[in-house]
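Accompanying notes for the structure given below.
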Amino acid sequence: MFEIEYEFREEDLVHFNEMRLKNDPEMQKNIRKSRLLVPGAMLLIGMFYYVYYADMTTTAYIAILAIGWGIVSPYVMKMDMRRQFLEKYTVEEKAGMFGMHTLKIEQDYLAEKSPGGKHKTYWKDMLRVDYIEKYVHIFIELDSAIIIPVETVKSGDLEKFAEQAESMIERLG
């Protein structure tokens, strides 16, 4: 049947988790709150200094800090989230996860050979196949997927593989 070989990297895992968080309304709400609420409070403090003390220098410093926070905070939060994603896994788990993977479509299951060993995932346990940006995701759960980066496919036809996997999930899932 169909078989592909690809390399799974740390950046692919980070991309998948960032994609999930981008679609998480609660996380987006927290980012907006941090980006707007903190600078807004700082600007109110600056206005207090200007109105009550007529201190334009302190007001200018506070306003610059507020604007800087509004611009920089999303990037700082993103870097912190990336660090948290990678800290969830031990060194052994990372060694078993990253590296060359081989996926083979069998009649009843998807066979995976990775640095962590061999695994079988039955078609009935899979949800769907998604084509997102430069990746193919075979979802096993809503927040768990087999991630195939298009640019690291070493052998096999990814497009035909994904189509076959999708039809197997629809037929046997």
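The values are calculated or read from the model by the stated rules, or taken from the named source; none is laboratory data. Being a predicted model, the structure only gives us computed values, none of them experimental. In this analysis, Cβ positions are derived from the backbone assuming ideal geometry, glycine residues included, and neighbour counts consider all displayed protein chains.
Descriptive notes on the structure:
- For the range 97-108, the candidate set comprises residues that are modelled with pLDDT of 90 or more and exposed (fewer than 15 other Cβ atoms within 10 Å of the Cβ); within that set, the residue that is farthest from HIS15 (Cα to Cα) is GLU106.
- Test: residue in the range 38-58 that is of a type in the set (A, V, I, L, M, F, W, C), at positive phi and more than 40 Å from the chain's Cα centre (by Cα): yes
- Scope the range 48-64; condition assigned to a helix (DSSP H, G or I) and either touching a strand residue (DSSP E or B) at 6+ places or on another chain (Cβ under 7 Å) or over 27 Å from TYR75 (Cα atoms) (or both); matching residues: PHE48, TYR49, TYR50, VAL51, TYR52, TYR53, MET56, THR57
- Residue within the range 95-103 that is in contact with a Phe, Trp or Tyr (Cβ under 7 Å, 6 or more places away or on another chain) and free of Cβ contacts under 8 Å to residues at least 40 places away in the same chain present: no
- Whichever residue in the range 120-164 is among the polar types (S, T, N, Q) and surrounded by 15 or more Cβ atoms within 10 Å (Cβ to Cβ) and, among such residues, is nearest to the chain's Cα centre (by Cα): THR152
- Among the residues here, LYS154 qualifies as assigned to a strand (DSSP E or B) and within 17 Å of GLU7 (Cβ to Cβ).
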